[in-house]
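First comes the structure, then the notes that go with it.
Computed from the coordinates by the stated procedures, all read-outs in this text should not be read as laboratory data. Keep in mind that what you see is a predicted model, and the values were worked out from it rather than measured. Backbone-built Cβ (ideal geometry, glycine too); neighbour counts: all protein chains shown.
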Amino acid sequence: MALLFKSSWDRADWWREELLQRIPDLDFRVWPDVGDEAAITYALVWKPKPGDLARYRNLKAIFSLGAGVDHLLADPTLPRVPVCRLVDRALTRGMTEHVLTHVLRFHRNLPGYERQQHAFEWKGLPIKLPEERIVCVMGLGELGGAAAKALAAHGFHTRGWSRTPKTLAGVESYAGNDALAAFLKGCEILVCLLPLTRETEGILSCQLFAHLPRGACLINAARGAHLVEEDLIPALDTGQLGGAALDVFRVEPLPRGHPYWTNPRILITPHVASVTDPRSSAELVAENIRRVDAGEAPLYVVDPRRGY
Ligand code: NAP
Ligand code: GLV
């Protein structure tokens, strides 16, 4: 019984240390030193290549090294075993920090002051109270729900959109496609924290931007493929959007020649909104190994048909 670790992003040595502290007899193998493939019962992975996992015929569960599982479910040959996503307090807190940082940046018009600084301009810009600012969060799961609650606690007029209705302190809940236009009406800062699925791919498009008031700002910390890339710069050029803070991109790293790099209204971060930390995340992986070994259902299993 062995666990196979494969990621070109996460540190195998850190994961080994944290998992062995919790399961001392765990046979932890790091790709490509797999050894006997038949011994692999667990895969702990980030973005394996399609087909990579099909060779392990004795897999009992697949653990994503992130909250998202789109990198796994896109593989048509993925073994039919439970696929578990990461849910972790530190991951949630990191995303809440990212969202608060960028919402406050737009709310206090820091991009405007950056532009003024380049022009040696000393001038106060209009300011609003948080309760006068409608901030909308798409996706009210572990990450979006926590971010929306934090925005509401700060005093923003906060709305959230999900498939099913939610009750979250201070957050107005909108559910389903029929409620999308009402959710977006008057929204000045839009945050995307949806999972990437067939339904949500390309949802951030010029059609959606047209529902926002002129000058609204976009924060995408979910997946690059939520955004129709070619719709963003025209929306910024016409002023329909006032700015964008993007952490995720269709192709990562963002290619050097990509026009987003040099657009003054786009702030780029390199997929770091919230980073998996094995010091806390290993707890869930270890618990899931214990559960599966004991014949119990693991936690946070995704529904492959739903896509999240
Ligand atoms: P989650 O707990 O599964 O929550 C997903 C939320 O999206 C749920 O509220 C769900 O609605 C809603 N949703 C799904 N499909 C929808 C649809 N078609 N229409 C409306 N709402 C829909 O996911 P999470 O843990 O919060 O993570 C969200 C995403 O964040 C991940 O999938 C990943 O892509 C991204 N992420 C990015 C980073 C980064 O560093 N940039 C880090 C971690 C995660 P219901 O509640 O009704 O089911
Ligand atoms: C990161 O993008 C994650 O899904 O955790």
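Computed values, structure above
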quantity	calculated
Pick from the stretch 153-163, criterion away from ligand 1 (no atom under 13 Å from the Cβ) and crowded, with 22+ Cβ neighbours inside 10 Å, ranking: nearest to Gly139 (Cα to Cα)	Thr158
Filter pass, Ala12 being over 16 Å from Ser281 (Cβ atoms) and more than 14 Å from ligand 2 (Cβ to nearest atom)	no
Selection count where residues are farther than 18 Å from Val285 by Cβ and among the basic types (Lys, Arg), scope the stretch 15-59	3
Selected residue (only one of Thr158, Thr197, Thr167 is free of Cβ contacts under 8 Å to residues at least 12 places away in the same chain and hydroxyl-bearing (Ser, Thr, Tyr))	Thr167
Every residue from the stretch 165-218 that is within 15 Å of ligand 1 (Cβ to nearest atom) and at positive phi	Gly176, Gly202
Subset of the stretch 287-297 [surrounded by fewer than 22 Cβ atoms within 10 Å (Cβ to Cβ) and of a type outside the set (A, V, I, L, M)]	Glu287, Arg290, Arg291, Asp293, Gly295, Glu296
Residue tally, condition more than 11 Å from ligand 2 (Cβ to nearest atom), within 30 Å of Ala235 (Cβ to Cβ) and surrounded by 14 or more Cβ atoms within 10 Å (Cβ to Cβ), over the stretch 262-286	6
The stretch 79-118, subset within 16 Å of ligand 1 (Cβ to nearest atom) and in a loop (DSSP other than H, G, I, E, B), residue surrounded by the fewest Cβ atoms within 10 Å (Cβ to Cβ)	Val87
Any hit, the stretch 19-42, residues being assigned to a strand (DSSP E or B), within 25 Å of Asp277 (Cα to Cα) and under 16 Å from the mean Cα position of the chain (by Cα)	no
